Amino acid sequence: MVNKIVVITGANSGIGKAAAIRFANEGFTVVMACRNVERSKMVQQEIMEATKNPHIDLLQLDISSFQSIHQFSAALKDRYPKLDILIHNAAYLNHGESNYLLSQDGVELSFATNTLGPFLLTRQLVSMLEKSDDARILHACTTNIRHFFDPKRKIEFDNFQGEFKNERPFKAYKFYGDTKMALLMLTFKMAEELKQKGISVNAVQIPAIKLSKETINKFKSGWRVAARVQNVFSAPRETMADTYFHICTSEEFKNVTGKLLNDKRKIMEPSHYSAGITQDIKQLMDQTVYPKYAHNKENIQKVWDMCESLTK
Ligand SMILES: NC(=O)c1ccc[n+]([C@@H]2O[C@H](COP(=O)([O-])OP(=O)(O)OC[C@H]3O[C@@H](n4cnc5c(N)ncnc54)[C@H](OP(=O)(O)O)[C@@H]3O)[C@@H](O)[C@H]2O)c1
């Protein structure tokens, strides 16, 4: 395992940090891709001491910025000859935020962080992933996408560049769901595109996992209280770190690509339920299905084209 290299975005806290520890314990070279290097240095040190693995690297990456993605990719290529695993874990998680914020490239901040950034970073790193004999990419998705079981729910495609930022109310939680749905859609198309290159691309549907204090503090007051209550019943971060590790390293998933997996590591399928209240309830309870919206070819193409044109 010592020669295997994994990049984890947002590895300085929460699930990303737990995953960095998990991979480090197994002897991987772990590249922590974090936006705040000063704060992350302490975490890097902590991981090296706890795991006795000296191969814990830290590189600056603001995944919401195209320039930062280009700089990160260049630095990674300078240091390593190949890449085995790329985990897109970082996300904009400011629930309750009601200000529409633009990234430095003029894109709504959660879309820039959760969808566009992963798209561009993967594109930049394909040449390194191709050199691995078992390259795997993982997208951190969320149960929030289950809101798309509602047939009226749609991605707000026409408002990702501030088009209606003054006219429409902004709800960070709704945009979060839109951007994670878009990330799931990218998973399907990217998997097709990268299959011939021997690179697999999957997504994992993450349920409530204990949030860090720092993340909860970013939430607006009502959401903060709800998050603290939810934290009591949430699973520890290590369980999701184990799931990341399993999906990215096990024989079971070696030839699996273009799939959404649930937290029990089961492959999920587009919903087969029909309309009606009983069917709706069964659908909501069924953790092996996801909204059909995600498999709509037109929607997928729309997300893809948007990512291509904005990152050109
Ligand atoms: N915890 C849950 O209940 C839950 C549920 C569903 C899905 N998820 C998903 O799981 C993943 C990890 O979440 P978490 O619970 O571990 O939250 P977290 O502790 O807040 O971790 C998020 C990480 O993303 C980083 N990040 C945010 N914006 C970034 C940017 N522009 N560039 C680089 N890094 C950035 C953060 O860095 P800073 O420290 O600098 O802010 C932090 O390291 C996310 O994709 C989230 O959507 C979590």
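Before moving on, here are some points about what is shown:
- Counting only residues that are touching an Asp or Glu at 6+ places or on another chain (Cβ under 9 Å), open to solvent by 50 Å² or more (accessible area, probe 1.4 Å) and away from the ligand (no atom under 14 Å from the Cβ), the stretch 43-102 holds 1 of them.
- Taking first residues from the stretch 92-106 that are at positive phi and partners that are within 14 Å of the ligand (Cβ to nearest atom), the Cβ contacts under 6 Å between residues at least 6 apart in sequence or on separate chains come to GLY96/PHE219; GLY96/TRP223.
- If you filter the stretch 111-157 down to residues that are in contact with a Ser or Thr (Cβ under 6 Å, 6 or more places away or on another chain) and of a type outside the set (A, V, I, L, M), you find that the one that is most open to solvent (accessible area, probe 1.4 Å) is GLN124.
- Taken together, PHE188, PHE245, PHE219 contain a single residue that is away from the ligand (no atom under 16 Å from the Cβ) and among the aromatic types (Phe, Trp, Tyr), which is PHE188.
- Residues being over 20 Å from SER110 (Cα atoms) and more than 9 Å from the ligand (Cβ to nearest atom) - total across the stretch 191-212: 12
- One residue stands out in the stretch 14-40 among those that are farther than 18 Å from SER250 by Cβ and touching a Cys at 6+ places or on another chain (Cβ under 9 Å): the one that is farthest from the ligand (Cβ to nearest atom), namely SER40.
- Check on LYS180, open to solvent by 50 Å² or more (accessible area, probe 1.4 Å) and either out of contact with any Gly (no Cβ under 7 Å at 6 or more places or on another chain) or closer than 16 Å to THR115 by Cα (or both): no
- Subset tally (residues that are part of a helix (DSSP H, G or I), within 18 Å of the chain's Cα centre (by Cα) and not β-branched (Val, Ile, Thr)) for the stretch 107-147: 18
- Residues located in the stretch 198-227, provided they are over 29 Å from ASP286 (Cβ atoms) and among the charged types (D, E, K, R): LYS213, GLU214, LYS218, LYS220, ARG224
- Pair list, Cβ under 9 Å, 6 or more apart: the stretch 47-72 residue farther than 22 Å from PHE23 by Cβ, other residue in a helix (DSSP H, G or I) and away from the ligand (no atom under 13 Å from the Cβ): PHE66/LEU310; PHE66/THR311; HIS70/GLN124
- Applying the set (1) within 14 Å of the ligand (Cβ to nearest atom); (2) over 20 Å from GLY16 (Cβ atoms); (3) not acidic (Asp, Glu) to THR239 leaves exactly one unmet item: (2).
- Selection of the stretch 3-16 for residues being surrounded by fewer than 24 Cβ atoms within 10 Å (Cβ to Cβ) and within 16 Å of MET240 (Cα to Cα) yields SER13, GLY14.
- Those helices (runs of 4 or more DSSP H) of the stretch 198-296 in which 2 or more residues are open to solvent by 20 Å² or more (accessible area, probe 1.4 Å) and without any contact (Cβ under 8 Å) to a residue 12 or more places away in the chain occupy 213-218, 221-233, 277-285.
- Contacts under 8 angstrom Cβ, first residue in the stretch 11-25 being under 14 Å from ARG35 (Cα atoms), partner open to solvent by 40 Å² or more (accessible area, probe 1.4 Å), 6 or more apart: ALA11/LYS17; ASN12/ASN36; ASN12/ARG39; SER13/GLU214; LYS17/ARG237
The values are calculated or read from the model by the stated rules, or taken from the named source; none is laboratory data. Fair warning: this is a prediction, and the values are worked out from it, not measured in the lab. No Cβ is skipped: glycine too gets one built from the backbone with ideal geometry, and neighbour counts run over all protein chains shown. When the accessible area is computed, the model is the full protein with side chains, heavy atoms only, and any ligands, DNA or RNA have been set aside. Shrake-Rupley method; radii C 1.70, N 1.55, O 1.52, S 1.80 Å.
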